[in-house]
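Below: the structure, in structure tokens.
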């Protein structure tokens with residue numbers, strides 16, 4: 001049976017998602033932050049539950065901002081058609097989650113292949129961080145960092161293929177300005193100069209997801225990416241986090257994360273449309 005979740009389902013749903021936290025961070029984080037009834041915030045999510053006599057066996061989510069997420073072990077094409085029917089009239093921006101599950105959903109949606117600006121699988125990593133320490137310190141971005149961060153974000157979005165449609169520099173400037181005072185973005189300095197950045201993209205339960213790791217081209221190969229991530233995670237561990245999750249955008253990044261203790265646990269699919277699409281009847 002598939003039904004829409006209600007506030008009474010939050011506890012059991014959170015327990016189910018936490019058991020699959022590596023590929024459920026955004027689902028679980030949105031649930032914790034916005035519950036099941038938020039229809040205004042971009043991250044507010046409508047949740048649908050797959051249930052059997054044993055309880056919840058799957059969760060499908062649609063955010064107000066146009067993004068889909070799922071945790072549906074054993075998902076098949078017939079079930080994916082059910083979700084595709086539920087989405088008729090929904091404005092879609094993209095989807096993320098377990099690599100195989102997301103592809104099954106995408107195959108059921110009435111979206112042409114050429115509409116996808118990005119549809120790739122990145123290696124998924126996990127590390128236990130309880131008690132983690134670092135001899136490096138990191139700091140939050142300040143107003144004076146905005147010009148440098150604008151350059152960094154422009155290069156980061158270009159390299160990762162995540163730049164939104166429109167003017168790249170304008171998008172990078174917006175991200176740099178939003179970074180000032182953001183609670184989970186950190187900068188690593190060397191000799192008083194910023195040399196790397198990293199961020200926490202999601203927090204759910206005792207798990208955090210790392211993203212936005214960047215080292216300027218001229219400074220790469222010196223271990224700075226690993227240092228900024230380790231220092232950021234040591235800070236998160238001091239606040240009670242016990243698990244860190246991330247997906248690597250390149251083989252070089254993967255090697256960096258493996259060196260500091262991350263182990264690969266699967267694949268994570270990121271799919272983003274070039275332009276939002278109003279969904280019609282499924283395929």
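We did not get these values from a lab; they are worked out from the coordinates using the rules stated. Everything quoted here is computed from the prediction, not taken from an experiment. Glycine also receives a Cβ, built like all others from the backbone with ideal geometry; neighbour counts cover every protein chain displayed.
Taking the Cβ of each residue in 56, 270, 2 as the centre, tally the other Cβ atoms inside 10 Å and list the residues starting with the fewest. Write down the numbers at each step before the final one.
On the way: 56 17, 270 20, 2 13.
By the 10 Å Cβ count, ascending: 2, 56, 270.
Relative to the longest principal axis of the Cα atoms of the chain, the long axis of helix 99-108 lies at roughly 50 degrees. Centre-to-centre, using Cα atoms only, segment 171-217 and segment 110-154 are separated by 7 Å. Relative to the first principal axis of the alpha-carbon coordinates of the chain, what is the inclination of helix 77-86, with its axis defined by its Cα atoms, in degrees from 0 to 90 and to the nearest 10? With rounding to tens, the tilt is 90 degrees.
Residue order for 48, 247, fewest other beta carbons within 10 angstrom first, comes to 48, 247. Compared with the dominant principal axis of the Cα atoms in the chain, helix 224-238 is inclined by about 70°.
How do 81-87, 164-170, 3-9 rank on mean C-beta neighbours within 10 Å, highest first? List each step's numbers first, then the result.
Working: 81-87: 18.0, 164-170: 11.9, 3-9: 13.6.
Ranking the peptides 81-87, 164-170, 3-9 by packing returns 81-87, 3-9, 164-170.
Comparing 113, 189, 258 in a Gaussian network model of the chain (Cα springs below 10 Å), the most mobile by mean-square fluctuation is 113.
How many percent of the alpha carbon pairs in segment 1-100 exceed a separation of 23 Å? Numbers along the way, then the final one.
On the way: 781 of 4950 pairs.
Result: 16 percent of Cα pairs exceed 23 Å.
Beta bridges per DSSP, both residues in segment 138-267: antiparallel share near 80 percent. Across the chain, C-alpha contacts under 8 Å between residues 6 or more apart give a mean separation that, scaled by the residue count, equals a relative contact order of 25 percent.
Its DSSP H runs of at least 4 residues, each contributing -39,500 (n - 2.57), put the calculated 222 nm mean residue ellipticity of the chain at -9500 deg cm²/dmol, to the nearest 500. For the chain, the calculated P(r), taken from all Cα-Cα distances in 5 Å bins from zero up to the bin holding the longest distance, is 1, 5, 12, 16, 18, 17, 14, 9, 5, 2, 1, 0, 0 percent.
Taking only C-alpha pairs under 8 Å that are 6+ residues apart, what is the relative contact order of segment 10-55 in percent? Each step should come with its number before you reach the end.
On the way: 31 pairs, mean separation 11.4, N = 46.
Across segment 10-55, relative contact order equals 25 percent.
In the frame of its principal axes, segment 138-267 has Cα extents of 36, 31, 28 Å, reported largest first. The mean sequence separation of alpha-carbon pairs under 8 Å and at least six residues apart, normalised by the residue count of segment 138-267, gives a relative contact order of 21 percent. Residues 135, 38, ranked from the fewest to the most other C-beta atoms within 10 Å, line up as 135, 38.
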